[in-house]
Amino acid sequence: MPDSAFRPRMPGRLRAALAFVFVQALFNGFFGVLMQVEVSDRQDHGQDVDGVLYFAEFVSYFFAVALVASAVIILLGYDWGRWPLLVLEGLAALNGVITLVSGGFTALVGLLLAALVISTLFHDTVRSWFDAKAYQRRGGSAA
């Protein structure tokens, strides 16, 4: 098979991790919608709206968009897309630890997902796939 026809296959563990990232993005977007509905409901009833609700809404939407953008960059095979996703997952893990210490044991699921995604981003097979994609973008020539 000629080099130009070489199409590296995305590792299954990366595919699974990115599926979790898209689920996280959906949950963040859903939480943002819930915050937006809460703000609107309070305003409709003449109540003051805490700045924390606006902040939570903004952060939820920001995380949803940033997670999707990072995942798409990774799907395209760009190695640098791992770094923003690593930061987002690190922040999610930090939030999970704080929630866990506060007594919210459901944060364990989020912590496990963040750990799965982070470990996957630096797994040897995933790094090899990124290298193969970079090689393919260079036209199959050695750099």
Seminar exercise, completed: Only one of ALA56, ALA115, ALA71 is assigned to a helix (DSSP H, G or I), within 29 Å of ARG7 (Cα to Cα) and over 11 Å from the mean Cα position of the chain (by Cα), namely ALA115
Problem set entry | Selection within region 81-100 - free of Cβ contacts under 8 Å to residues at least 40 places away in the same chain, more than 12 Å from LEU112 (Cα to Cα) and within 12 Å of the chain's Cα centre (by Cα) | GLY81, TRP83, PRO84, LEU86, VAL87, LEU88, LEU91
Exercise. Could we say that VAL68 is surrounded by 15 or more Cβ atoms within 10 Å (Cβ to Cβ) and modelled with pLDDT of 95 or more here?
Worked result: yes
Exercise. If you go through region 1-18 one residue at a time, how many are surrounded by 11 or more Cβ atoms within 10 Å (Cβ to Cβ) and modelled with pLDDT of 80 or more?
Worked result: 9
Seminar exercise, completed: By residue number, the members of region 118-142 that are of a type in the set (A, V, I, L, M) and part of a helix (DSSP H, G or I) are ILE118, LEU121, VAL126, ALA132, ALA134
For this session: Name every residue in region 97-112 that is modelled with pLDDT of 90 or more and surrounded by 16 or more Cβ atoms within 10 Å (Cβ to Cβ), in order of residue number.
Result: LEU111
For this session: Being of a type outside the set (Val, Ile, Thr), under 29 Å from LEU85 (Cα atoms) and free of Cβ contacts under 8 Å to residues at least 24 places away in the same chain is the filter here, so list the residues in region 39-56 that pass it.
Result: GLY51, LEU53, TYR54, PHE55
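The values are calculated or read from the model by the stated rules, or taken from the named source; none is laboratory data. None of these values were measured; they are calculated from a predicted model. No Cβ is skipped: glycine too gets one built from the backbone with ideal geometry, and neighbour counts run over all protein chains shown.
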